[in-house]
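Novice: Supplied in C-alpha cells, the structure appears directly below.
Nothing in this text is a laboratory measurement; each read-out follows from the coordinates by a stated rule. Just so you know, these numbers come straight off a predicted model, no measurement behind them. A quick note on method: Cβ atoms are made from the backbone with ideal geometry, for glycine too, and the neighbour counts reach across all protein chains shown.
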Amino acid sequence: MQPNHTEQHLTHLFTHWCKQTPTHIAPLPASASYRQYFRLQNANFTAIGAYNLEEKSNAAFINLTKHFNSLNLPVPQLYGADEANKVYLQEDLGDLTLFDLVKTTPKPENGQFPPLLLHAYQHTLQALLQLQITGSQNLNFGWCHPRAAFDKQSMMWDCSYFKYNFLKFLKIDFDEQALEDDFNRLTDYLLAAESRYFMHRDCQARNVMLKDGKPYLIDYQGGRRGALQYDLASLLYQAQANLPDAVRLELLQDYMQQAANMLPGFNERQFTAHYYGFVLLRCLQLLGAYGFRGLHERKLHFIQSIPFALQNTLSMLQKTAAYLPLPAIHHAIATAMQQNKWQPANLHKNAQANLTVHIQSFSYRNGTPQFNTEHGGGFVFDCRALLNPGRYDDYRFLSGLDKPVADFLKTRSNVEEWLSHVFELIDTSVENYLQRNFAELHVAFGCTGGQHRSVYCAQQLAVHLQTKYGVKVLITHTQKNNWITAQ
C-alpha cells in the first residue's frame, strides 16, 4: 500500500533526524484524544510520530517539550516537528505504561499491595514533582493551551462538562441553580490554593511510560499553571487503577515529604486542606469525559470506568462535607448511583454460579454454528463489517490473540464502538438469565476465516463478562487448527 501524506511527512522527519529512512511504519492504538500515533523504525532507530489537527495543541506540546528537554526532565525527547503539516516526532519509550503494570501485576493472596507497584508509583511521584516544580522554572505559560492557568474559567468548564455530558446525558434530575451554586462554592474554595507550578492536567497511569524501570510523563499538551494537588489527585484517584485507600494515603504522605524537600516552607496542612477538593473536581471532570467518550462515542474502557468514578466522587463528597458542603452535587451523584446499569448484578451466589456462557469464533466459509442447548438461546454476530487484518502481510500469519492484530483493529476499524453495542445486548440477556437461574448462554462471532476479527471479539467478550459478572466462560476457536500461521 502507498503511504498516506501523514506517513510521508513523518518519514521526512525521521530521515532528517537519524539520516536513515524507516523500513516500517505502524499505527498505534487510539488514545483518549483524537491524535494519531505511529511507530517508525528500521534496524537501528525507532521513534513515535504524532499527527494532530489542533495546531495550538501541537504548538503547546512542542514548546513545552523543548523547555522540559532543556531541563533534562522525565519526558520524551523531541526529535523534530513540522507544524505546517501538523506532525512531530518524539522518543519511543516502548509500550509499557504504569496502567499496564497495575493491570498485569499479580495481587498477593495476603491482600498486601504489590511492592513492585508501590515502588513504581513512588518513582512516578518523583518524576511528577520534577515536572511540576523544576518544569515551572522560567516557563512561558503563554505557550499553554487552551488556558495559561487553571483558573476559575477552567474549573467551571470542568463542572459544565460534568453537567452536560454526564448528568444531562443520563437524564439525571437536579436543581439547576443549586448545582451552579455548588460549582461556584467548590471552585472559589480551590482558587485559594497556591497555584504557581506546572500542572500536567491529565496525570494518570496511562500517561506514564515505563522504560528500563524509569517513569516518563507524556501527553502534557493540555498543561498550564496550577496547583500541585490536581495532578496528584488525578494519579491516585484514577478510576480503573482503583488504588486501595491505604495506598493512596501512603503515597500522599510520600509526595508531601518529597515536596517539602524541594520547596522551603512547604506546609502540609495547607496542602491537604485543598487536596480532597481537587480530587472531587477531578472526579467530576472524569465523569464528564466518561459520559462523552463512553456513553456518547461508545468507547468501552470509558464506560467501564464509570462505576469506579462514581464511587470515588461519592467518597470525596462525604470526606469534604464538614468544611465544603455540596448538597446538589451529592444528590446528583447519589441519583446516578441508583441506576441499575452502574451496579454489579444483584444476584445470589447460587444463581451466579449456575450460568456458563459459551463463546466461540467461527468461519462463515463453514456456515453458522448450531447451539445444542435445551432452550437454544444465544447470539451470532457477523464481524465482517470490521476491516480484515488478514488481508495485510504483516498480520496474515497472526490471529486475534496477538497484540498487533488487536492494535490494528483498534486503530483501523471501529471495533470498540461495535463491541460496545454487542456488550449491551449480551448484558441484558446475562442479567435476565442470572435472575431466572438459567444454566447456559451461547454467543458466536464469525468472520471470513475465523482467525482474526472473530477471535479478537470472542476474547474481548469473555474478559467483559468475567469482569462484570464473574460468570463461567468457555471459549472455543473452532478454526484454530486451520489458522494460517506460516508461509
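Novice: What percent does the relative contact order of region 197-284 come to when contacts are Cα pairs within less than 8 Å and at least six residues apart?
Specialist: 30
Novice: Next up: Please figure out what share of the DSSP beta bridges in the chain is antiparallel and state it in percent, rounded to the nearest 5.
Specialist: 55
Novice: In µm²/s, what is D for region 88-243 at 37 °C and 0.692 mPa s, where D = kT/(6 pi eta Rh) by Stokes-Einstein and Rh is the Kirkwood radius from Cα pairs?
Specialist: Details: Rh = 17.5 Å.
Rounded, D is 187 µm²/s.
Novice: Could you tell me which helices of the chain pass both thresholds, a Cα extent of 18 Å or more along their own axis and a mean Kyte-Doolittle hydropathy of at least 0.0, with helices taken as whole DSSP H runs?
Specialist: Span-like helices here: 115-129, 268-289, 300-320.
Novice: Put one equal scatterer on each alpha carbon of the chain, apply the Debye formula with no solvent term, and list log10 I(q)/I(0) at q = 0.10 1/Å to two decimals.
Specialist: Reported log10 I(q)/I(0), two decimals: -0.88.
Novice: Among 203-216, 314-327, what's the highest-first ranking by average C-beta atoms within 10 angstrom per residue? Before the final figure, lay out each step's value.
Specialist: Details: 203-216: 19.4, 314-327: 15.7.
So the order, starting with the most tightly packed, is 203-216, 314-327.
Novice: What relative contact order, as a whole-number percentage, does the chain give when Cα pairs under 8 Å and 6 or more residues apart are counted?
Specialist: 14
Novice: Output the antiparallel fraction of DSSP beta bridges having both residues in region 142-253, as a percent to the nearest 5.
Specialist: Details: 7 of 8 bridges.
Bridges in region 142-253 are about 90 percent antiparallel.
Novice: Moving to a separate point now. Take every Cα pair under 8 Å in region 349-482 that's 6+ residues apart, average their separations, divide by the length, and report that relative contact order as a whole percent.
Specialist: 49
Novice: Using Cα-only point scatterers and the Debye equation, what is log10 of I(q)/I(0) for region 142-209 at each q in 0.26, 0.29 Å⁻¹, rounded to two decimals?
Specialist: One equal scatterer on each Cα of region 142-209 leads to -1.18, -1.26.
Novice: Output the Kirkwood hydrodynamic radius of region 98-342, Cα pairs only, in Å rounded to one decimal.
Specialist: Averaging 1/r across every pair of different Cα atoms and inverting gives 18.5 Å.
Novice: Helix-derived [θ] at 222 nm for the chain: sum -39500 (n - 2.57) over DSSP H runs of at least 4, divide by residue count, nearest 500?
Specialist: Details: 15 runs with 212 residues, N = 487.
After summing the helix terms and dividing by the residues of the chain, the value is -14000 deg cm²/dmol.
Novice: Can you pick out the pairs among LYS66/LYS103; LYS214/LYS319; LYS103/LYS468; LYS168/LYS299; LYS107/LYS468 whose Cα atoms lie more than 23 Å from each other?
Specialist: Listed pairs above 23 Å: LYS66/LYS103; LYS214/LYS319.
Novice: Can you return the lysines within cross-link range of LYS472? Criterion is Cα-Cα under 19 Å, with same-chain partners fewer than 8 residues away left out.
Specialist: Partners found: LYS349.
Novice: Separate question: Which net charge results when you count Lys and Arg as +1 and Asp and Glu as -1 among the other residues whose beta-carbon is under 12 Å from that of LYS163?
Specialist: Taking every other residue near LYS163 into account, the sum is -4.
Novice: Then there's this: Grab every C-alpha pair in region 349-482, bin the distances at 5 angstrom width from 0 up to the longest one, and report whole percents.
Specialist: 2, 10, 22, 23, 19, 12, 7, 4, 1, 0
Novice: Each residue of region 377-382 in turn: what ³J(HN,Hα) in whole Hz from Karplus with 6.51, -1.76, 1.60 and θ = phi - 60°, glycine and Pro shown as x?
Specialist: Per-residue couplings from phi come out as x, x, 9, 10, 10, 9 Hz.
Novice: Report the percentage of all Cα-Cα pairs in region 210-265 whose separation exceeds 17 Å, rounded to a whole percent.
Specialist: Value for region 210-265: 54 percent of Cα pairs lie more than 17 Å apart.
Novice: Whose amide H sits under 5 Å from the amide H of PHE379, counting only residues 5 or more places off or on another chain, with H placed in the peptide plane?
Specialist: HIS442, VAL443, ALA444
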